[in-house]
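Participant: Before anything else, here's the structure in question.
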Amino acid sequence: MKDHKFQMIRIGVPQPGATVRFTGETDKSYARIRGIFVALPDPKIEYGATLSLKVGGQDVFDDDHDVRLITCGQGVAPNDKFFFFEEKLEAGGNAFEGRYHDPIVENLAYPYEVKVFLWLANQEG
């Protein structure tokens with residue numbers, strides 16, 4: 001088995017200003033969540049978009065966490081895109097839940113999809 005996996009969470013945003021809830025479970029084969037990255041279809045969405053996330057009932061990002069802090073532009077190397085968690089977040093099939101809020105961007109095509117990537121791992125570091 002591989003030592004890591006990128007688990008993708010797809011969040012469909014139907015209209016301007018929408019708040020979308022999402023839920024799921026982390027892959028049972030991996031012990032911890034090493035990091036997170038949020039991919040947006042248009043860089044204008046970064047300004048004002050928020051995300052909340054709980055894993056196993058533990059707050060990872062409180063309500064209204066600025067998405068700009070956990071995303072980056074296209075010029076960043078793939079290995080440097082992730083926000084790494086200093087604390088150990090248990091994966092191993094833990095339930096997660098969260099909420100994404102759209103900032104209402106003019107001239108943006110709705111609906112669109114946000115992709116949240118969880119970097120799951122079995123080793124430390």
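The values are calculated or read from the model by the stated rules, or taken from the named source; none is laboratory data. In this text, all values refer to a predicted model and were calculated from it rather than measured experimentally. These accessible areas exclude ligands, DNA and RNA; they are computed on the full protein's heavy atoms, side chains included. Shrake-Rupley method; radii C 1.70, N 1.55, O 1.52, S 1.80 Å.
Participant: Put 84, 117 in order of accessible area, largest first, 1.4 Å probe: what do you get?
Facilitator: Putting 84, 117 in descending order of accessible area: 84, 117.
Participant: Accessible surface of residue 19 in the full protein assembly, 1.4 angstrom probe, to the nearest 10 Å²?
Facilitator: Only protein atoms counted, so the area is about 80 Å².
Participant: Additional query: How many Lys pairs in the chain lie less than 24 angstrom apart by Cα atoms, where the lysines are 8 or more positions apart or on different chains?
Facilitator: So the count of such lysine pairs works out to 19.
Participant: To the nearest 10 square angstrom, how much accessible area does residue 69 have with a 1.4 angstrom probe?
Facilitator: Solvent-accessible area, nearest 10 Å²: 110 Å².
Participant: Then there's this: Keeping all protein chains in place and using 1.4 angstrom, which order do 28, 88, 2, 115 fall into by accessible surface area, from largest down?
Facilitator: Descending order: 28, 2, 88, 115.
Participant: Also, quick follow-up: Provide the three semi-axes, in whole Å and in decreasing order, of the ellipsoid equivalent to segment 1-87 as defined by the square roots of 5 times the Cα gyration tensor eigenvalues.
Facilitator: 22, 17, 13
Participant: Have a look at 92, 75, 48 and tell me which one the Gaussian network model of the chain (Cα, springs below 10 Å) gives the largest fluctuation.
Facilitator: Comparing 92, 75, 48 in the GNM, the peak value goes to 75.
Participant: Averaged per residue, what accessible surface does the chain expose to a 1.4 Å probe, in Å²?
Facilitator: Ligands and nucleic acids excluded, the result is 57 Å² per residue.
Participant: Using a probe of 1.4 angstrom, how much of the accessible area of the chain is carbon and sulfur, in percent?
Facilitator: So the carbon and sulfur contribution to the accessible surface is 46 percent.
Participant: Here's another thing I want to ask about it. Hey, if we sort 21, 99 by accessible area with the 1.4 Å probe, largest down, what's the order?
Facilitator: So the residues, ranked largest to smallest area, are 21, 99.
Participant: If you average 1/r over all unlike Cα pairs in segment 86-125 and invert the result, what Kirkwood radius do you get in angstrom?
Facilitator: Hydrodynamic radius (Kirkwood, Cα pairs) of segment 86-125 is 13.9 Å.
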